[in-house]
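Everything below concerns the one structure shown next.
The values are calculated or read from the model by the stated rules, or taken from the named source; none is laboratory data. Predicted, not measured: the structure shown is a model, and the values here were computed from it. Note that we place each Cβ from the backbone using ideal geometry, even for glycine, and neighbour counts take in every protein chain shown.
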């Protein structure tokens, strides 16, 4: 075969070989770049991990794992009630339902087991051991619920305390010509607190497309205050019927202040009855000792003679 005939065959062969080897080198370069990026990521991960707190690195993942396992076995109603209580408490300590399930499990099972091992190591009596284990187990069941209920009551008290002033500012803003959403924005700017945070969530939900009625009723479920629920119901009805919003707000503001005054009067009337118990236990015995003590001593000496 002549060289002239081999040239057209040689050129495609060279091009094919170049493409194959060049493609392999590109793949090797991609692999090298990926490996280098992985090394950089792995090298930077420990710094990010160690910058976190111990609870974020160890405690929360462990509670998540335990809580996730328990939530699979727990009834759906129980899980729903716990999630509702956590939302009403404002998600205390940034813990989810899984975390609370994990905390309850550790407090109910792990702590009594630890106490049992310590009592056995100390060779304590069987009765004392059983009493301590049962007591710690009951405390583990009760304490997380008490903490959660306390957070709910604290949040509701802050809402009740701020509600009249918030209502006044809303009324003034609406009567000045602002729309309801603009008035809520003004409240969130001027009066920070639990109620302002709930109004921020309401405005964000309305912005993303949720209806104002649904967002308001969901806010009442998160707050759980009867006066606030009646206020939201009046606002929704006024919006649906086309009633003047400023007038409705003023009426609701006056009603809330009347309810607050009645609640304070009720607490004031209950105060003497609540004070009676510590007086009987702590104050009356001391008064009896001071008044009748010398007389009792004189009678004892007289009968002794």
**Item:** residue 250 farther than 15 Å from residue 90 by Cβ, out of contact with any strand residue (DSSP E or B) (no Cβ under 8 Å at 6 or more places or on another chain) and outside the structural domain of residue 88 (by TED's automatic domain parsing)
**Value:** yes
**Request:** Return yes or no: is residue 280 surrounded by fewer than 12 Cβ atoms within 10 Å (Cβ to Cβ) and either in a helix (DSSP H, G or I) or within 32 Å of the chain's Cα centre (by Cα) (or both)?
**Result:** yes
**Item:** The listed residue being over 25 Å from residue 80 (Cα atoms), surrounded by 18 or more Cβ atoms within 10 Å (Cβ to Cβ) and either in the same structural domain as residue 91 (by TED's automatic domain parsing) or over 23 Å from the mean Cα position of the chain (by Cα) (or both), out of 184, 241, 178, 163
**Value:** 184
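Taking residue 219, is it outside the structural domain of residue 81 (by TED's automatic domain parsing) and either modelled with pLDDT of 85 or more or touching a strand residue (DSSP E or B) at 6+ places or on another chain (Cβ under 7 Å) (or both)?
yes
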**Request:** Might you check whether a residue that is surrounded by 16 or more Cβ atoms within 10 Å (Cβ to Cβ) and closer than 19 Å to residue 171 by Cβ occurs anywhere in segment 204-218?
**Result:** yes
**Asked** If you go through segment 114-134 one residue at a time, do you hit one that is surrounded by 19 or more Cβ atoms within 10 Å (Cβ to Cβ) and either farther than 30 Å from residue 76 by Cβ or in contact with a helix residue (DSSP H, G or I) (Cβ under 8 Å, 6 or more places away or on another chain) (or both)?
**Response** no
**Prompt:** Going through segment 171-186 one residue at a time, which ones are more than 20 Å from residue 224 (Cβ to Cβ) and part of a helix (DSSP H, G or I)?
**Reply:** 171, 172, 173, 174, 175, 180, 181, 182, 183, 185, 186
**Item:** From 258, 223, 236, 248, residue being on the phi < 0 side of the Ramachandran plot and without any contact (Cβ under 8 Å) to a residue 12 or more places away in the chain
**Value:** 258
**Request:** Return yes or no: is residue 236 under 19 Å from residue 260 (Cβ atoms) and touching a helix residue (DSSP H, G or I) at 6+ places or on another chain (Cβ under 7 Å)?
**Result:** no
**Message:** Given (1) under 35 Å from the mean Cα position of the chain (by Cα); (2) farther than 24 Å from residue 154 by Cβ; (3) in a helix (DSSP H, G or I); (4) free of Cβ contacts under 8 Å to residues at least 40 places away in the same chain, identify the lone condition not met by residue 268.
**Reply:** (2)
